[in-house]
Amino acid sequence: MLARRTLLRAGGWAAGLALIGLPAAAPAAAVVEIRMRGNADGSKVWFDPIGVLVEPGQTIRWINIDPGNAHTSTAYHPANAGHPLRIPEGAAPWNSDYLLPEQSFELSLTTAGVYDYFCIPHEEAGMAGRLVVGRPQGSLSAATLPEPARRLLPSPEEIVRRKAVRATP
Ligand SMILES: [Cu+2]
């Protein structure tokens, strides 16, 4: 009898939860914003933050707040002008194309891992960024990261620890 009563009570409690409409899953995480920036004379350009931790499926928004430049967010992937593969195997590459000042581009990534990306006109100037999606297992892509991104990008471990790492332009 005790077991049966417990079951009945549990059933009533679950029905009550359904009636008051508790969500089945946690609400979607906030949009993560990455600003495309430049200094006044255009001699320095960067992604801010340069390294970001996001959850799978979370929306990432790049916004160009640099009044003097167009920028792109472009994955390190052979599909993007033969660049080395620096995103997880099987993940889709992206290219925002040129964003004029105040324009933005949104993306969400579902495959856990480390993603490196760059800005087409400013790759040589070191405009690159890194995303860590989820809690990736295994190591970083073995493909060589071009300079100067190699020097600038924070390690995945640092990104996981700090969630967002700002560049020091
Ligand atoms: Cu740029």
### Task
Kindly list, by first and then second residue, each pair from a residue in region 111-136 that is within 16 Å of ARG151 (Cβ to Cβ) to a residue that is of a type outside the set (D, E, K, R) and away from the ligand (no atom under 16 Å from the Cβ), limited to pairs with Cβ atoms under 6 Å and residues at least 6 apart or on different chains.
ARG130/GLY51
#### Entry: Residue in region 66-78 that is out of contact with any Pro (no Cβ under 7 Å at 6 or more places or on another chain) and among the acidic types (Asp, Glu) present
no
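I'd like to check something: does region 29-51 contain any residue that is more than 16 Å from the ligand (Cβ to nearest atom) and touching a Gly at 6+ places or on another chain (Cβ under 6 Å)?
So far as region 29-51 goes, no, none of its residues is more than 16 Å from the ligand (Cβ to nearest atom) and touching a Gly at 6+ places or on another chain (Cβ under 6 Å).
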### Query
Is there a residue in region 120-143 that is among the polar types (S, T, N, Q) and closer than 21 Å to VAL45 by Cα?
no
### Task
Return the total of residues in region 66-117 being within 13 Å of the ligand (Cβ to nearest atom), aliphatic (A, V, I, L, M) and within 18 Å of the chain's Cα centre (by Cα).
1
## Note on the structure
By residue number, the members of region 27-70 that are among the polar types (S, T, N, Q) and in a strand (DSSP E or B) are THR59, ASN64
### Query
Is it the case that region 40-53 has a residue that's among the basic types (Lys, Arg), within 20 Å of ILE159 (Cβ to Cβ), surrounded by fewer than 17 Cβ atoms within 10 Å (Cβ to Cβ) and modelled with pLDDT of 70 or more?
no
### Query
Say we look at region 118-137 and pick out the residues that are in a loop (DSSP other than H, G, I, E, B) and small (Gly, Ala, Ser); which of these is nearest to the ligand (Cβ to nearest atom)?
ALA125
### Summary
Those residues of region 108-119 which are out of contact with any Gly (no Cβ under 8 Å at 6 or more places or on another chain) and under 27 Å from GLY42 (Cα atoms) amount to TYR115, CYS119
### Query
Is there any pair with a first residue in region 50-78 that is farther than 27 Å from ALA40 by Cβ and in contact (Cβ under 8 Å) with a residue 12 or more places away in the chain and a second that is within 13 Å of the ligand (Cβ to nearest atom) and among the aromatic types (Phe, Trp, Tyr) whose Cβ atoms are under 8 Å apart and which are 6 or more apart or on different chains, and what are they?
ALA75/TYR117; TYR76/TYR117; TYR76/PHE118
### Query
What number goes with the only condition from (1) within 14 Å of PHE47 (Cα to Cα); (2) modelled with pLDDT of 90 or more; (3) over 17 Å from the mean Cα position of the chain (by Cα) that PRO169 does not pass?
(2)
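The values are calculated or read from the model by the stated rules, or taken from the named source; none is laboratory data. As the structure is a prediction and not an experimental result, all values here were calculated from the model. Heads up, the Cβs are rebuilt from the backbone with ideal geometry, glycines too, and the neighbour counts pull from every protein chain shown.
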